[in-house]
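Q: Below is one structure. I have some questions about it.
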Amino acid sequence: MRTKDMRRSVAALAALTMAGACTAQGIEVHGGQRQPVRVDVTGTPSGTASAPASGGPKQDDGDSDGSDGSGDDKGTRETAPTNPPPTPTPPPAPTPAPVLWSQGDEGLDVRELQARLRQVAWLFAGPTGTYDELTVRAVKGFQGKRGLPRTGKTDSVTWARLLNMTREPGKWDLYAYGGQPAASPDPRCLTGRVLCISKTSRTLRWMVDGRTLTTVEVRFGSEYTPTREGVFSVYFKSRDHWSTLYDTPMPYAMFFSGGQAVHYSSDFAARGYYGASHGCVNVRDEAAIAQLFAQVRNGDKVVVYW
């Protein structure tokens, strides 16, 4: 190589060596002039890209699903799904109490129900032994007063409450308005034409030769004015009789013993057995006694017995 060419090569090599040294010290050579270069703490010149060293810490670019535990993941962190609280099951509806009696039923049990309703002043008629509209109203009133469903039907709950508030009705309570079967006729009633009157069943049979033609309910005198017992005969009939002794009407009167007679009584029709006569035999069915009055003759037998 020629000496001149060797000098150029040495000079070029020296320039490259100096450029590298200056760059390391923050000096960059451009066109033979040194320029300062800003160097960051990592030694990488500003404005130049530098890939992270292999195995170095990964920088968070905002798209990571990880979290440093500071709670600044801005909702990007997924949470485990949770089950919603179970919907409470409503309690089953209470089972209605069984119905014992309702409108249209008949019998002794209904009669007792009516007698007990009378004791607590929810019923003022009867007992009749028939679960009628008046009984329905009385039961509804009793139920409503005690916070029970106002059905008008007597269920086991209503009946238990009524039992706790009342006493057991007696025979006359149960048949205060009649309905008791007629007693068997007295043997003295089996012949001829007879008004056969039983104090036990409080009934009057109109009998001809042992055959019953009519049966009506009757009421008697009180313990202070009792109806006489025995065998009598009709001695006087008065269609529109008026009692001068008690100043009261006695229609369809058929006298059999002194001032005692079989006759219609409006008081008996209104009050039932909660009243009493002054010794007469009261009949409350006006239509029935009107027919009876037309059939009975003076001299017909009257038998009053227990």
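Q: Give Leu148, Leu163 a once-over and let me know the one that is assigned to a helix (DSSP H, G or I), under 20 Å from the mean Cα position of the chain (by Cα), over 26 Å from Val218 (Cα atoms) and not assigned by TED's automatic domain parsing to the domain that holds Trp206.
A: Leu163
Q: Among Ala160, Ala138, which is the only one that is loosely packed, with under 13 Cβ neighbours inside 10 Å, at pLDDT 95 or above and aliphatic (A, V, I, L, M)?
A: Only one candidate qualifies: Ala160.
Q: What's the number of the condition Thr87 fails, among (1) surrounded by fewer than 10 Cβ atoms within 10 Å (Cβ to Cβ); (2) modelled with pLDDT under 80?
A: Every listed condition holds for Thr87 apart from (2).
Q: Still on this model: Scan segment 227-270 for residues that are of a type in the set (A, V, I, L, M), modelled with pLDDT under 95 and over 20 Å from Ala288 (Cα atoms) and jot them down.
A: Correct list: Leu245 only.
Q: Tell me which residues, restricted to segment 84-143, are out of contact with any Asp or Glu (no Cβ under 9 Å at 6 or more places or on another chain), under 22 Å from Lys171 (Cα atoms), of a type in the set (Asp, Glu) and not in a loop (DSSP other than H, G, I, E, B).
A: If the condition is that a residue be out of contact with any Asp or Glu (no Cβ under 9 Å at 6 or more places or on another chain), under 22 Å from Lys171 (Cα atoms), of a type in the set (Asp, Glu) and not in a loop (DSSP other than H, G, I, E, B), then Glu106, Asp109 are the ones that fit.
Q: Would you pick out the residues in segment 186-245 that are outside any strand (DSSP E or B), of a type in the set (Phe, Trp, Tyr) and more than 15 Å from Gly279 (Cβ to Cβ)?
A: If the condition is that a residue be outside any strand (DSSP E or B), of a type in the set (Phe, Trp, Tyr) and more than 15 Å from Gly279 (Cβ to Cβ), then Tyr235 is the only one that fits.
Q: Follow-up question, since we're still on this one. Which condition does Tyr273 not pass, out of (1) of a type outside the set (A, V, I, L, M, F, W, C); (2) modelled with pLDDT under 95; (3) not in a helix (DSSP H, G or I), if it passes all the others?
A: Checking Tyr273 against (1) of a type outside the set (A, V, I, L, M, F, W, C); (2) modelled with pLDDT under 95; (3) not in a helix (DSSP H, G or I), the one that fails is (3).
Q: Condition check: of a type in the set (Phe, Trp, Tyr), surrounded by 17 or more Cβ atoms within 10 Å (Cβ to Cβ), out of contact with any Leu (no Cβ under 7 Å at 6 or more places or on another chain) and touching a residue at least 60 places away in the same chain (Cβ under 8 Å). Does Tyr305 satisfy that?
A: Spelling it out, Tyr305 is indeed of a type in the set (Phe, Trp, Tyr), surrounded by 17 or more Cβ atoms within 10 Å (Cβ to Cβ), out of contact with any Leu (no Cβ under 7 Å at 6 or more places or on another chain) and touching a residue at least 60 places away in the same chain (Cβ under 8 Å).
Q: Could you pull out the residue among Ala182, Ala176 that is closer than 25 Å to Phe220 by Cα, buried (at least 16 other Cβ atoms within 10 Å of the Cβ) and touching a strand residue (DSSP E or B) at 6+ places or on another chain (Cβ under 7 Å)?
A: None of the others qualify; the one that does is Ala182.
Q: Of all residues in segment 209-252, count the ones that are of a type in the set (A, V, I, L, M), more than 17 Å from Asn282 (Cβ to Cβ) and surrounded by 14 or more Cβ atoms within 10 Å (Cβ to Cβ).
A: Here the count works out to 1.
Q: Moving on. Given (1) in contact with a Phe, Trp or Tyr (Cβ under 6 Å, 6 or more places away or on another chain); (2) closer than 25 Å to Arg284 by Cα; (3) among the β-branched types (Val, Ile, Thr); (4) modelled with pLDDT of 95 or more, identify the lone condition not met by Thr128.
A: (4)
The values are calculated or read from the model by the stated rules, or taken from the named source; none is laboratory data. All of these numbers come straight from a predicted model, not from anything done at the bench. With ideal geometry, Cβ positions are generated from the backbone for all residues, glycine too; neighbour counts draw on all protein chains shown.
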